[in-house]
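Remarks on the structure that follows.
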Amino acid sequence: MTAEATEFLTSGLRPHECRSCGTCVLVKKNSLKHTSIQWTTDAATSCPVFAAHAASGGTTALLDTCEKLADSIDTAVRDGNFGQVRND
């Protein structure tokens, strides 16, 4: 991977701990509608929602994200933890 590609994919990522379960992920907010999430652990073992989905025989690769994590990130955005986020 080129340095430019690495910079594009990792620049601006900030650690965020889910308020529901404590799982830590890296998050980048480009706008209110666009959120990039980089899992730093295996989601199926660290996130209870993903773990339940996997335990029921589902594949976590098809899950967009955990709604509890998404709510936690949205709250952090409202609290200003991700700085100024564009509204587009």
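The values are calculated or read from the model by the stated rules, or taken from the named source; none is laboratory data. Keep in mind it's a predicted model, so treat the numbers as computed, not measured. FYI the Cβ positions are ideal-geometry reconstructions off the backbone, even for glycines, and counts take in every protein chain you see. Surface areas here come from the heavy atoms of the whole protein model, side chains and all, with no ligands, DNA or RNA. Shrake-Rupley method; radii C 1.70, N 1.55, O 1.52, S 1.80 Å.
The calculated FRET efficiency for the pair THR6 and ALA55, based on their C-beta separation and a Förster distance of 41 Å, comes to about 0.75.
Give the accessible surface of the chain per residue, rounded to a whole number of Å², with probe radius 1.4 Å and ligands, DNA and RNA excluded.
66 Å²
Between LEU63 and ARG86, take the C-beta separation as r, use R0 = 22 Å, and let me know the FRET efficiency to the nearest 0.05. FRET efficiency, LEU63 to ARG86: 0.25. Straight Cα distances below 16 angstrom link LYS28 to the aspartates and glutamates GLU7, GLU17, ASP64, ASP71, ASP74, ASP79, ASP88, with same-chain residues fewer than 8 positions distant left out.
Length gained on full extension, GLN38 to THR75, computed as 0.36 nm times the residue gap minus the Cα-Cα distance: 11.5 nm. Using θ = phi - 60° in the Karplus curve 6.51 cos²θ - 1.76 cosθ + 1.60, the 3J(HN,Hα) couplings for segment 15-22 round to x, 9, 9, 4, 6, 8, 10, x Hz; x is entered for Gly and Pro.
Our Cα-only numbers for the chain put the radius of gyration and Dmax at 13.9, 40 Å. For segment 26-88, the set of chymotrypsin sites (Phe, Trp or Tyr not before Pro) satisfying both a DSSP loop assignment and a count of at most 15 other C-beta atoms within 10 Å is empty.
Computed over protein heavy atoms with a 1.4 Å probe, the carbon and sulfur contribution to the accessible area of segment 45-88 reaches 49%.
Dipole size in debye (nearest 20) for segment 18-88 around its Cα centre, Lys and Arg Cβ +1, Asp and Glu Cβ -1?
About 180 debye.
Each of LEU13, ALA52, TRP39 was placed along the dipole of the chain (beta-carbon charges, centred on the mean Cα), and the one lying farthest toward the positive end is LEU13.
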